[in-house]
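For reference, the structure discussed in these notes is given below.
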Amino acid sequence: MRVSLMAVALGAATLFGSAAFAQGDVIAERRAGLKRMGEHMEAMKAVADRSGDVRPLAPTIDEMIAWYRSMPDRFPPGSDKGDTRALPTVWSERPGFETANTNMVNQLQGLRTVAASGDAAAFTSTFGQTGPTCGGCHRNYRARGR
């Protein structure tokens, strides 16, 4: 009987240890993804600033749209602990968080349409609205600094 209690305790410790590890993975994955999204924004800004050819940006924007569509799932319950800048409002005000994310997806879809058209001036104008859309999420759901 002692052996089976020890086996149960060891199994529980392994299970809970795995859950903490998985949460650490989701935090690292979302941080890496958000960093990549920021890098994409910087690259697009460089093209917009020089009025370059915006058509090659369409696949990058497609990647961003796909990533943002999956973003709410990257904030599962319990992933608020660890190396994260996510504020508790991500979980306590979930509908607002998801709306902010949907706004970003919609903004990117518009940006993608303009990029595919090749209209650099329209791209620059639409891109100028994309940063504030990002900020709409950051203001309420992301801690500053660190």
Matching residues in the range 39-59 - criterion: being crowded, with 18+ Cβ neighbours inside 10 Å and in a helix (DSSP H, G or I): Met44, Val47, Ala48, Leu57
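In this structure, does Arg112 turn out to be of a type in the set (Lys, Arg), assigned to a helix (DSSP H, G or I) and under 29 Å from Asp25 (Cβ atoms)? Step through it out loud before you land on a result.
Numbers: of a type in the set (Lys, Arg): yes; assigned to a helix (DSSP H, G or I): yes; under 29 Å from Asp25 (Cβ atoms): no.
For Arg112, the condition - of a type in the set (Lys, Arg), assigned to a helix (DSSP H, G or I) and under 29 Å from Asp25 (Cβ atoms) - is not met.
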Single condition Arg144 does not satisfy, out of (1) surrounded by 14 or more Cβ atoms within 10 Å (Cβ to Cβ); (2) of a type in the set (D, E, K, R); (3) under 21 Å from Glu39 (Cα atoms): (1)
Of residues in the range 104-141 being closer than 17 Å to Phe75 by Cα and modelled with pLDDT of 95 or more, the one surrounded by the fewest Cβ atoms within 10 Å (Cβ to Cβ): Val105
Selection count where residues are polar (S, T, N, Q) and in a helix (DSSP H, G or I), scope the range 75-91: 1
Near pairs, Cβ below 9 angstrom, 6+ apart or cross-chain, from the range 52-75 (at positive phi) to any residue that is assigned to a helix (DSSP H, G or I): none
Among residues of the range 74-91, those that are closer than 14 Å to Arg142 by Cβ, exposed (fewer than 13 other Cβ atoms within 10 Å of the Cβ) and of a type outside the set (D, E, K, R), counted: 1
Condition broken by Met41, with the remaining ones in (1) closer than 17 Å to Cys134 by Cβ; (2) of a type outside the set (Gly, Ala, Ser); (3) modelled with pLDDT under 95 satisfied: (3)
Residues (closer than 14 Å to Lys35 by Cβ and of a type outside the set (D, E, K, R)) located in the range 69-85: Met71, Thr84
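For (1) acidic (Asp, Glu); (2) farther than 17 Å from Asn140 by Cα, each residue gets a yes or a no:
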{"residue": "Pro72", "(1), (2)": "no, no"}
{"residue": "Glu93", "(1), (2)": "yes, no"}
{"residue": "Gly96", "(1), (2)": "no, no"}
{"residue": "Thr113", "(1), (2)": "no, yes"}
Condition met for Asp25 (of a type in the set (Asp, Glu), part of a helix (DSSP H, G or I) and modelled with pLDDT of 50 or more): yes
The range 92-103, subset part of a helix (DSSP H, G or I) and either at positive phi or not hydroxyl-bearing (Ser, Thr, Tyr) (or both), residue surrounded by the fewest Cβ atoms within 10 Å (Cβ to Cβ): Pro95
Sole residue being in contact with a Gly (Cβ under 6 Å, 6 or more places away or on another chain) and closer than 21 Å to Ala28 by Cβ, chosen from Trp67, Trp91: Trp67
Selection status of Ala66, surrounded by fewer than 16 Cβ atoms within 10 Å (Cβ to Cβ), at pLDDT 95 or above and within 29 Å of Ala120 (Cα to Cα): yes
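The values are calculated or read from the model by the stated rules, or taken from the named source; none is laboratory data. Since we're looking at a predicted model, the values are computed, not measured. Counting neighbours? That spans all protein chains shown, and the Cβs are built from the backbone with ideal geometry, glycine included.
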